[in-house]
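Down below is the structure, laid out as C-alpha cells.
The values are calculated or read from the model by the stated rules, or taken from the named source; none is laboratory data. None of these values were measured; they are calculated from a predicted model. Every residue, glycine among them, receives a Cβ derived from its backbone with ideal geometry; neighbour counts consider all protein chains shown. Heads up: the accessible areas ignore ligands, DNA and RNA and are worked out on the full protein's heavy atoms, side chains in. Shrake-Rupley method; radii C 1.70, N 1.55, O 1.52, S 1.80 Å.
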Amino acid sequence: MDTGVLHPSGRPYRFTVLLFAAAMIFGSYFAYDSLGAIESLLMEQMGVGRNAIGATYTMYSLAAIPAVLAGGFLIDRLGTRRASLVFSALVVLGAVLVALAPDLATLYAGRLLFGMGSESLIVCQSAILARWFTGRELALAFGIALTVSRLGTLFSFNTEALVAQRFGIAGALWLAAGLCGLSLAANL
C-alpha cells in the first residue's frame, strides 16, 4: 500500500496537521498577553490603574474555567471540527471587541468572550493531536504545539509595545485580533 506524502497515514501529512493545529492557538496566546505587554500605555490612555488591567485577566479566567468543562462536553457532542470552529470564532470575536473597546466595560466583555473560546480551543487542539499522533510521536506533537503557542506569548511581549508606540494602542490590539483571525484560518 502506498502511503505517499498526501496520504493521511503518512508522516508528512500528519505533521502538516500538526503545523495547522499549532497555528490555530498561536493568535490566542499572542492576544492573551497583549494587554500585559502594553499595560502602561493602556492605563495611561484609559485613565485606569493596574487593578483594572489585572481585572481583564480575571474576566478571562472567570469565563475560561466553566468554559473548559462545557467545552469538553461540546467537543464530544459536536465533534472536534465544529467545536474548534465555534471556539476559534469566540476567540476572534473577543479579540475584536477588545480592539474596539471604548471603555473598560467593553474591554471586560471582550476578555470574557475571549476566555470562553481560548481555553476550550486548547482542549480541541489536544483532541486533534491525540487523534493524529500515537506512541512516541504524541509527546513530540504536544511539545511542538506548545512551543508554537508559547512563541505567541514571546512575540506579544516583544512586539506589542513597539506596535503601540508606532501605531497606537488600537493598532497593537488590532494586530492581536488579526493574528486570532489567522489562527481561525489555520483552523479552517
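Below are the figures for this structure:
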quantity	calculated
All positions within region 1-51 that are buried (at least 22 other Cβ atoms within 10 Å of the Cβ) and not aliphatic (A, V, I, L, M)	Phe26, Gly27, Ser28, Tyr29, Phe30, Tyr32, Ser34
Residue list for region 23-39, filter: closer than 13 Å to Phe114 by Cα, of a type in the set (A, V, I, L, M) and within 8 Å of the chain's Cα centre (by Cα)	Ile25, Ala31
From Leu182, Leu154, residue being open to solvent by 50 Å² or more (accessible area, probe 1.4 Å) and more than 13 Å from Tyr32 (Cα to Cα)	Leu182
Complete set of residues in region 124-143 that are part of a helix (DSSP H, G or I) and either open to solvent by less than 60 Å² (accessible area, probe 1.4 Å) or touching a strand residue (DSSP E or B) at 6+ places or on another chain (Cβ under 9 Å) (or both)	Cys124, Gln125, Ser126, Ala127, Ile128, Leu129, Ala130, Glu137, Leu138, Ala141, Gly143
Members of region 145-188 that are among the charged types (D, E, K, R) and either out of contact with any helix residue (DSSP H, G or I) (no Cβ under 6 Å at 6 or more places or on another chain) or without any contact (Cβ under 8 Å) to a residue 60 or more places away in the chain (or both)	Arg150, Arg166
Only listed residue being of a type in the set (Phe, Trp, Tyr) and more than 17 Å from Ser120 (Cα to Cα), chosen from Phe73, Phe26, Phe15	Phe15
Residues satisfying the stated conditions in region 82-103, i.e. at pLDDT below 95 and either assigned to a helix (DSSP H, G or I) or open to solvent by 30 Å² or more (accessible area, probe 1.4 Å) (or both)	Pro102, Asp103
Some residue of region 121-135 being without any contact (Cβ under 8 Å) to a residue 40 or more places away in the chain and farther than 20 Å from Leu78 by Cα	yes
Residues (in a helix (DSSP H, G or I) and either over 23 Å from Ala31 (Cα atoms) or β-branched (Val, Ile, Thr) (or both)) located in region 64-81	Ile65, Val68, Phe73, Leu74, Ile75, Asp76, Arg77, Leu78, Thr80
